[in-house]
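Report on one structure; see the data block that follows.
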Amino acid sequence: MLVFAGYFLLQAISRGLISETLGMDDAQESLLAQKWSWGYGPQPPLYTWLVIIFSNIFGLSSFTMALLKNALLFGIYILTYFIARRITRSHLVAVSAAVALQFMPSIAYEAHRELTHSILASFMVLATLLAFLRLQESDKEGAPPRQGGVLPSSVPSLSASGHYLLLGVLGGLGMISKYNYSIFYVALFLAALSLKSWRPTVLSIRAAGALALTLLILAPNLLWIRNHPDLAFSSAGKFDIDPTHSIKSMVHGVGSWASTCLDQAGILVLIFVLLSWREFFARRSKSKVQPVPADLNIHTNGIRLFLRMFLFSSLIIVLGIIISGATNCRNRWLQPLVIPMPILVVMMFQKHLNSRRFKIISLLATIVAVGVTIGAPGRVLLTERLGKVEGLNMPYKGLARQIAKPLANASMIYCADTAMAGNLRVWFPDKAITAPGLAKLYPPEPRCALVWDASVSRASAFVSQASVLTGNRPEEAVYFEERLKYHRVKTMRLGVLTAPAR
């Protein structure tokens with residue numbers, strides 16, 4: 001655990017030191033977190049609430065955003081360990097499951113580069129799984145003793161009911177972390193219903209109470225969606241929905257989902273197969289492997305529960321693709337749904353995990369970790385040499401110092417794009433800031449100040465349309481320039497238009 005904690009703390013510190021500029025996702029969250037609300041747009045509100053809490057405690061900065069993200073990532077690895085250990089009763093196998101997360105690209109690298117809600121939803125999926133696996137044990141612990149062979153009617157123990165209460169709370173928080181969490185939640189209950197050993201656990205009054213609590217927590221957000229449908233469904237276009245629902249588009253959508261699943265878990269499965277394919281596929285293994293309790297095999301409740309959970313979530317997704325006509329599926333959308341995959345893989349390969357193979361897995365994961373530790377800041381430091389465009393090189397800190405004086409009397413700043421608006425909020429925390437993409441949530445006010453990137457051609461249209469809010473003409477704008485971070489030549493030029501002095 002200390003190794004994981006040190007690794008993610010290093011990532012947060014490195015991110016804060018390498019650039020004070022926020023990435024696209026973090027900038028949007030910075031901008032959204034100007035007030036408490038039951039909804040902010042197409043994503044549910046929990047991550048934004050966490051940003052508000054963290055920024056109130058630590059102040060708003062790139063380090064604060066990285067600290068929140070890496071705290072959640074640390075939680076994902078720790079929860080993976082505890083879930084695997086609870087099922088396999090093996091420390092070595094549990095560590096293997098946590099380490100194996102490094103073989104999933106969206107967690108090992110993409111999560112450090114961008115991602116917000118997907119990381120939180122992945123954390124909530126694992127937290128829910130751990131609470132769910134505890135239910136059977138709590139039912140046994142909470143069952144009153146038999147008297148004369150008859151189980152007397154009595155109120156279940158507080159401990160047993162408390163675990164169902166926790167499941168309901170986690171379910172509700174999961175729903176307001178990212179909406180695709182609901183696919184996992186439904187698939188988990190369907191998987192339990194399909195297994196005889198789990199059926200009594202979910203067909204109970206306490207389970208119904210947990211579901212009711214989940215819906216109760218979700219209800220305010222659903223009411224917000226009903227009152228703000230334009231904001232809630234503003235990003236529906238990213239699914240590339242085909243309104244004709246042609247067979248070709250359905251095949252394309254299912255193919256996109258299948259290839260994304262392969263991207264997410266393909267390397268993970270391949271590594272474990274290559275390490276122990278002979279024993280795994282042989283009828284009888286002749287090698288000496290770590291002893292495993294007799295009740296742990298391919299037919300155990302844990303493996304069957306996970307297999308059916310993945311099966312039902314896959315069916316729900318495929319059905320959704322067919323009904324909606326969606327043709328596009330991205331890695332980040334599936335991350336919360338495939339995050340338990342390392343646990344399933346180590347359960348299936350448990351009998352073949354010995355100390356030698358564990359060392360190989362750990363070595364490969366360490367190589368990935370070193371690569372990420374070097375590559376994540378390297379993409380910022382070497383942007384000019386690589387000839388690429390990287391948002392983290394934008395010099396908002398230096399530009400904020402230059403534009404502070406002309407913006408001194410402005411109560412609101414209206415920026416041409418969300419990334420700029422979110423970054424300026426870091427340096428102007430006392431001012432209301434908005435952008436066209438969030439104008440319905442944070443509408444610009446008369447006599448606000450305009451800020452835009454003068455090197456972008458579309459900015460002229462923004463200035464001509466929004467200049468009326470300032471009461472000034474576009475020709476009255478002033479310009480400021482700053483060299484990009486880690487660049488020798490390229491610069492960023494901001495235009496500022498303020499209201500006339502009264």
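Dividing the summed -39500 (n - 2.57) terms of all DSSP H runs of n ≥ 4 by the residue count of the chain sets its mean residue ellipticity at 222 nm at -19500 deg cm²/dmol.
Between GLU475 and LEU274, what FRET efficiency comes out of the Förster formula 1/(1 + (r/R0)^6) with R0 = 41 Å and r the beta carbon distance, rounded to 0.05? Efficiency, rounded to the nearest 0.05: 0.05. Roughly how many whole Å is it from the C-alpha centroid of the range 185-264 to that of the range 369-437? What the calculation gives is 35 Å, centre to centre.
Mean sequence separation of contacting Cα pairs (under 8 Å, at least six apart), scaled by the length of the range 399-502, corresponds to a relative contact order of 28 percent. From Cα pairs below 8 angstrom and at least 6 apart in sequence, can you work out the relative contact order of the range 1-120, rounded to a whole percent? About 31 percent, as a whole number. The separation of the range 107-125 from the range 302-328, counted between C-alpha centres, amounts to 20 Å. Note on surface exposure: LYS490, LYS69 rank LYS490, LYS69 by accessible area, highest first, 1.4 Å probe. Think of the range 361-477 as a dipole: +1 on every Lys or Arg Cβ, -1 on every Asp or Glu Cβ, centred on the Cα centre; then among GLY471, ALA369, LEU392, ALA369 lies furthest on the positive end.
Say a site is exposed when it is one of the chymotrypsin sites (Phe, Trp or Tyr not before Pro), sits in a DSSP loop, and has at most 15 other Cβ atoms within 10 Å; what is then the longest site-free stretch of the chain? Can you show the working numbers first?
Details: sites that count: TRP36, PHE233.
That would be 234-502.
The portion of the accessible surface of the chain made up by carbon and sulfur, rounded to a whole percent, is 64 (1.4 Å probe; DNA, RNA and ligands excluded).
Could you please put LYS440, LYS238, LYS35 in sequence from largest to smallest accessible area, using a 1.4 Å probe?
On the way: LYS440 145, LYS238 60, LYS35 80 Å².
Ranking LYS440, LYS238, LYS35 by accessible area, largest first, yields LYS440, LYS35, LYS238.
Summing Cβ point charges (Lys, Arg +1; Asp, Glu -1) relative to the Cα centre of the range 372-455 gives a dipole of roughly 140 debye.
Against the main long axis of the alpha-carbon atoms of the chain, helix 205-227 sits at an angle near 20°.
Among bridges DSSP assigns within the chain, what percent are antiparallel (round to 5)? Please list the in-between numbers first.
Working: 11 of 17 bridges.
Antiparallel: roughly 65 percent of the beta bridges in the chain.
With protein chains left intact and a 1.4 Å probe, residues in the chain average 47 Å² of accessible area per residue.
If you compute Rg and Dmax of the Cα atoms in Å for the structure shown, which of (i) 26.5, 104; (ii) 25.8, 93; (iii) 25.1, 97 do you land on? Among (i) 26.5, 104; (ii) 25.8, 93; (iii) 25.1, 97, the one derived from this structure is (ii).
The values are calculated or read from the model by the stated rules, or taken from the named source; none is laboratory data. Keep in mind it's a predicted model, so treat the numbers as computed, not measured. Backbone-built Cβ (ideal geometry, glycine too); neighbour counts: all protein chains shown. Side chains are part of the model used for accessible areas, which takes the heavy atoms of the whole protein and leaves out ligands, DNA and RNA. Shrake-Rupley method; radii C 1.70, N 1.55, O 1.52, S 1.80 Å.
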